[in-house]
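The values are calculated or read from the model by the stated rules, or taken from the named source; none is laboratory data. Since the model is a prediction, treat every value here as computed from it, not as a measurement. Here the Cβ is made from the backbone with ideal geometry for all residues, glycine too, and neighbour counts use every protein chain on show. Please note that ligands, DNA and RNA were not included when accessible areas were found on the heavy atoms of the full protein model with its side chains. Shrake-Rupley method; radii C 1.70, N 1.55, O 1.52, S 1.80 Å.
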Amino acid sequence: MKFPYVYPDPESRSLRAALAKDSGLEHDYILAGCGADELIDLIMRCVLDHSDRIVDCPPTFTMYEFDAAVNGALVIKVPRLSNFSLDIPRIIEVVKQEKPKCIFLTSPNNPDGSIINDEDLLKILNLPILVVLDEAYIEFSGLQSRMNWVKKHDNLIFLRTFSKRAGLARLCVGYGAFPLSIIQYVWRAKQPYNVSVAATISACAALQNPGYLERVKNLLVQERERLFALLKEVSYLKPFPSFSNFILCEVTSGKDAKKLKEDLANMAVMIRHYNNKELRGYVRISVGMPEHTDSLMKCLKLLE
């Protein structure tokens with residue numbers, strides 16, 4: 001920040017070097033972006049022609065469908081099962097019949113926090129389709145990232161972000177791991193100065209403090225388990241087990257999910273409510289500090 005008149009490094013070399021050290025994956029496979037959102041759009045611009053198809057598995061992150069529309073692509077939806085797991089047989093059928101170019105998957109998934117196991121991922125990777133796996137919430141899952149899989153699977157891309165892991169959402173810095181056969185084309189489409197100096201410095205500082213990040217993550221996971229146990233005691237909520245930093249709840253017992261969100265907002269407690277058909281009747285609750293959990297539970301009890 002000492003020289004504000006100098007443009008950022010267009011190759012984000014210091015950040016990519018830090019990410020290589022952190023991940024164990026050589027920097028040649030890594031590309032930094034203005035959030036993972038920029039990389040989603042870049043991938044679509046490099047891969048899709050007008051009216052090409054992608055596979056989306058709702059409910060999930062809505063930017064896949066949004067960017068597909070921006071890029072003139074058609075979206076084939078393969079809804080998740082009632083427990084929010086992937087419908088693998090239907091995905092296989094759709095890929096064979098419709099011949100889509102790529103499929104976007106999230107693990108842990110947003111908004112339910114479920115994960116994709118190795119067996120299911122390998123089944124999809126064996127299909128003639130580019131697989132983009134978004135690991136925005138992987139740090140909270142207790143599982144290791146599979147980023148090094150890009151060395152042996154030419155049809156696999158990983159997306160990651162500092163927004164959740166390091167609490168840097170406002171700086172909007174993300175990165176992706178790509179097979180070498182694909183990353184060369186994404187480099188050509190990337191805007192030259194996409195990651196700011198402030199974002200680079202902050203992300204590098206976060207990576208230089210792994211102990212701090214680990215402690216914060218462990219505290220959040222601990223609080224997630226406490227929150228889940230408490231939500232199970234609320235008569236009108238059905239919480240789903242989560243590997244992320246939020247918990248999805250079905251609103252039951254005749255209560256209205258939207259009204260619950262509004263009632264809590266009037267008590268200065270904010271939760272997420274959804275309008276789309278897959279999640280009508282559900283709310284999502286982010287994991288905060290213990291005092292936030294206590295305030296939430298007090299308000300939920302008042303509404304019983």
Q. Which residue pairs have Cβ atoms closer than 8 Å, lie 6 or more positions apart in sequence or on different chains, and pair a first residue in the stretch 215-241 that is touching a residue at least 60 places away in the same chain (Cβ under 8 Å) and within 15 Å of HIS292 (Cβ to Cβ) with a second residue that is assigned to a helix (DSSP H, G or I) and among the β-branched types (Val, Ile, Thr)?
A. GLU223/THR293; ARG226/THR293; LEU227/THR293; LEU230/THR293
Q: Please enumerate the residues belonging to the stretch 232-256 that are closer than 18 Å to PHE61 by Cα, in contact with a strand residue (DSSP E or B) (Cβ under 8 Å, 6 or more places away or on another chain) and hydroxyl-bearing (Ser, Thr, Tyr).
A: SER242
Q) Looking at SER286, SER235, which one is over 23 Å from ARG80 (Cα atoms), of a type in the set (S, T, N, Q) and at pLDDT 95 or above? A) SER235
Q: Looking at (1) in contact with a helix residue (DSSP H, G or I) (Cβ under 9 Å, 6 or more places away or on another chain); (2) surrounded by 14 or more Cβ atoms within 10 Å (Cβ to Cβ); (3) outside any loop (DSSP other than H, G, I, E, B), find the lone condition where VAL234 falls short.
A: (3)
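Okay, residues lined up against (1) closer than 18 Å to LEU130 by Cβ; (2) open to solvent by less than 20 Å² (accessible area, probe 1.4 Å); (3) in a loop (DSSP other than H, G, I, E, B); (4) of a type outside the set (A, V, I, L, M, F, W, C):
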| position | (1), (2), (3), (4) |
| --- | --- |
| TRP149 | yes, no, no, no |
| ASP154 | yes, no, yes, yes |
| ILE157 | yes, yes, no, no |
| SER163 | no, no, no, yes |
| GLY167 | no, no, yes, yes |
| ARG170 | no, no, no, yes |
| ILE182 | yes, no, no, no |
| TYR185 | yes, no, no, yes |
| VAL195 | no, yes, yes, no |
Q.
Condition first: within 13 Å of THR106 (Cβ to Cβ) and either in contact (Cβ under 8 Å) with a residue 60 or more places away in the chain or open to solvent by 20 Å² or more (accessible area, probe 1.4 Å) (or both). Now tell me which residues in the stretch 123-139 satisfy that.
A. VAL132, ASP134, ALA136, TYR137
Q: Mind listing just one residue for me: the one in the stretch 199-208 that is closer than 18 Å to ASP37 by Cβ and among the small types (Gly, Ala, Ser) and, of those, most open to solvent (accessible area, probe 1.4 Å)?
A: SER202
